[in-house]
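Participant: Input: one structure, supplied below.
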Amino acid sequence: MTNILSSLEQGALMIKSTAQKLTFQPGVYRMINSRDEVLYVGKAKNLKKRVISYTHVERLPIRLQRMVAETVRMEFVTTHTEAEALLLEVNLIKKLAPRYNILMRDSKSFAFIRITGGHPYPQLTKHRGARNLPGDYYGPFASGEAVNTTLTVLHRAFLLRSCPDTIFASRKRPCLQYQIKRCSAPCVNYISEKDYQKLAEETREFLAGKSSQIQKDLASRMEEASNAREYERAAVFRDRIRALSTIQARQIINTTHVTDADVFALYEGEGRICIQLFLFRHGSNYGSYSFFPSYGEDVAPEEVLEAYIAQFYEEAPLPEEILLNVPLPQTKLLEEAFAQKRKKRLYIRVPRTGPKADLVNHALQNAKESLERHLSERASQQNLLQAFMEKFHLPVPPHRIEVYDNSHIQGALPVGAMVVAGLEGFQKNAYRKFNIRSKDMARGDDYAMLREVLTRRFSRALAEDKDDTAQWPDVVLIDGGKGQLSAAEAVFADLGISDIRLIAIAKGSDRNAGRETFFMSGYAPISLPPHDKVLYFLQRLRDEVHRYAIGAHRTRRTKAIRTSKLDEVPGVGGARKRALLQHFGSAKAVEGAGLKDLEMVKGVSKNLAKKIYDYFHGHG
């Protein structure tokens, strides 16, 4: 206890000494420990006054007293306004994930619909990540299911292509999408560029909220075609109208009074909270999403909601207004910061009556129901982990289980995968994939692959987060038998790890699910009854790591297929590679092309054409 008090006093003295040199300007401060790790990022309207508050340790909650005790130095950035400080604070929290901040550890990645630019026949596709490619973006959508469903209907309604440019350039005949009436086959000139551009513009107008006008135009054209006895053409317009009606039928919430808004509802129960989000863009409901954050006892739920909103818009696009069921501690400051980021005024409101209040109440009801389901599932998961502990002789129910598997095709492009599960179920933001790097192992050596994956995972953990128990598993589950178990034990012995339970799960001789055998060092093999709930739980873990490993391998394989010798030619970047592939149809055709043919490609100079020719023909 003396050491803790001494550290707390030393931390407070250091902070007091540092505060004496500070100005009264707004800014951001970082508290850093002896290992040079950022413990906390904060913002202040008055840096000097805010930092001095940490020296009154008797007024601080236990969580912040521990932080002060660990702090050995501080760093500062001054800003012109408190709003600028807030934006910088949120950016640093997202980037550094300090231990003592309220962290929204949310793996959610929102999807957009993109109509590509820079091509005479734009592609209609799903997009995740930075929106820095040419084209028009619509969203965000709250779930992959929502955007996929919308895309399917849009392809039926507007017949825009879904294929990437390279496939489009190499088509010689229509693909299946044309046959099932989801594409107009521009790749083989079944539609003129002018007519295709009109379809693309109609799609943009529909996604921008002009759905009624689009449907009126289609109805008028259908009637004209019918009157002219062009019944097949009329049927095409009829099918497009039906497809658009399908999208509108999904808009079950009345959005007459909301065009561009996000609705957040906070609900608290049984010591947990749920944040429910509804997204509205262009008068359409783009779906909903539930989030269940963890937070300290000294933090008010409204502070958690405020932190979530601030960090959410670090990446998500800002709407015109944000509707809430509770006021935030710093509403005006958030409005100012968001307006600065958006370059336009933004309103944060808590409506009490009217249609907007009805939307908020609808979100609140969803938050209540989502939290009740979450708590019920959590209780079931807790019972499962308790039963797992008893059947596998664990000292306590595991808080984190890591499951490992490999995927390859006859040893080619091997990938290792790790999935994580715990009290909250699968923790998808903690999943990891490992591209196997070793060149010395025999082709298809599963034991060597497992050794590499475990060595990389736990060597890094020992170096970086040995004090962060939340990131360490209680149980490591390996898909395999005694051989895989021995390989894992050897890795742990080399690294000096002895407090993690290793379990290998092997299928029976006929490889039927339900006859698995579990191996643990020091225990006889365990077989569970076919309908045992723990067996089902472990099968789900095994199946999930299978799914993730196969997906990771497929991604690596696709990337390898897309990689060609063109990537190795000096001076050939992404744009010139696309131009060459579009001109010749394939990398092999480029390899066999003559010098004059290469010079005819748009964007390829005579000098570059000679470099490409010499590279493939061994000259120079």
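Throughout, read-outs are computed from the coordinates displayed, never taken from laboratory work. Model, not experiment: these values are computed from the prediction. Heads up, the Cβs are rebuilt from the backbone with ideal geometry, glycines too, and the neighbour counts pull from every protein chain shown.
Participant: Quote the charge dipole size of the chain about the Cα centre in Debye, to the nearest 20; the model charges only the Cβ of Lys and Arg (+1) and of Asp and Glu (-1). Each step should come with its number before you reach the end.
Facilitator: On the way: 92 positive and 71 negative charges, 435 e Å.
Dipole magnitude for the chain comes out near 2100 debye.
Participant: Using Cα positions and a limit of under 16 Å, work out the lysines in reach of K49, with same-chain residues fewer than 8 apart set aside.
Facilitator: Cα-Cα hits under 16 Å: K16, K21.
Participant: So what is the 222 nm mean residue ellipticity for the chain from helices alone, if each DSSP H run of at least 4 adds -39500 (n - 2.57) and you divide by all residues, rounding to the nearest 500 deg cm²/dmol? Working shown, then result.
Facilitator: Details: 20 runs with 281 residues, N = 620.
Mean residue ellipticity at 222 nm (helix-derived): -14500 deg cm²/dmol.
Participant: Further question on the same structure: Once you compute Rg and the Kirkwood Rh from C-alpha atoms, what is the Rg to Rh ratio for the chain? Numbers along the way, then the final one.
Facilitator: Values: Rg = 29.3 Å, Rh = 29.1 Å.
On the Cα set of the chain, Rg over Rh gives 1.01.
Participant: Rounded to the nearest Å, what's the spacing between the alpha carbon centres of the range 41-118 and the range 359-428? Just the number, please.
Facilitator: First find each Cα centre; the distance between them is then 29 Å.
Participant: Which of the trypsin sites (Lys or Arg not before Pro) found in the range 266-365 are loop residues per DSSP with 16 or fewer other Cβ atoms within 10 Å of their Cβ?
Facilitator: Numbers: sites: R272, R281, K332, K341, R342, K343, K344, R345, R349, R352, K356; in loops: K343, K344, R345, R352.
Here the sparse-neighbourhood loop sites are K343, K344, R345, R352.
Participant: While we're looking at this one, here's another question. To the nearest Å, what is the center-to-center distance of the range 181-212 and the range 573-599, using C-alpha atoms only?
Facilitator: Using only Cα atoms to place each centre, the spacing works out to 29 Å.
Participant: Using the Cα centre as the reference, give the magnitude of the dipole from point charges on the C-beta atoms of the range 111-249 (Lys, Arg: +1; Asp, Glu: -1; all else neutral), rounded to the nearest 20 debye.
Facilitator: Numbers: 22 positive and 14 negative charges, 69 e Å.
About 340 debye.
Participant: Mind checking the alpha-carbon convex hull of the range 261-372 and giving the volume per residue in Å³?
Facilitator: 103 Å³
Participant: Considering the convex hull of the alpha carbon atoms of the range 364-505, report its projected area averaged over all viewing directions, in nm², one decimal. The partial results should precede the final answer.
Facilitator: Values: hull surface 42.2 nm².
Mean projected area of the Cα convex hull: 10.5 nm².
Participant: Quick one: length gained pulling E369 to T81 fully straight, 0.36 nm per residue minus the C-alpha distance?
Facilitator: Working: separation 288, 0.36 × 288 = 103.68 nm, distance 4.04 nm.
In short, 99.6 nm is gained.
Participant: Using per-residue counts of other Cβ atoms within 10 Å, averaged over each peptide, order 442-449, 54-61, 178-185 from highest down. List each step's numbers first, then the result.
Facilitator: Numbers: 442-449: 16.0, 54-61: 14.5, 178-185: 17.5.
Sorting 442-449, 54-61, 178-185 by mean packing, highest first, produces 178-185, 442-449, 54-61.
Participant: Next question. Compute, for the range 347-469, the length of the dipole vector about the Cα centre, with Cβ point charges of +1 (Lys, Arg) and -1 (Asp, Glu) only. Units Debye, rounded to 20.
Facilitator: Its charge dipole is roughly 400 debye.
Participant: Under 1.5 on a/c is rounded, so check that first for the range 2-96, then, if it is not, pick prolate when a/b is larger than b/c and oblate when it is not; a ≥ b ≥ c are the square roots of the alpha carbon gyration tensor eigenvalues. Before the final figure, lay out the partial values.
Facilitator: Numbers: a/c = 2.06, a/b = 1.53, b/c = 1.35.
It is prolate, given that a/c is not under 1.5 and a/b is the larger ratio.
Participant: Antiparallel versus total DSSP beta bridges in the chain: what percent is that, nearest 5?
Facilitator: Values: 55 of 72 bridges.
So the antiparallel bridges amount to about 75 percent of the total.
Participant: Local charge sum around R204 (other residues, Cβ-Cβ under 10 Å, Lys/Arg +1, Asp/Glu -1)?
Facilitator: Numbers: positive: K210; negative: D136, E201, E202, E205.
So the surrounding residues net to -3.
Participant: Just to compare against my own numbers: the Cα pair-distance distribution for the range 115-183, 10 Å bins, whole % per bin, please.
Facilitator: Spelled out bin by bin, the range 115-183 gives 18, 51, 29, 3 percent.
Participant: From the convex hull of the Cα coordinates of the range 565-617, what is the mean projected area in square nanometres? Before the final figure, lay out each step's value.
Facilitator: Working: hull surface 11.7 nm².
Approximately 2.9 nm², given one-decimal rounding.
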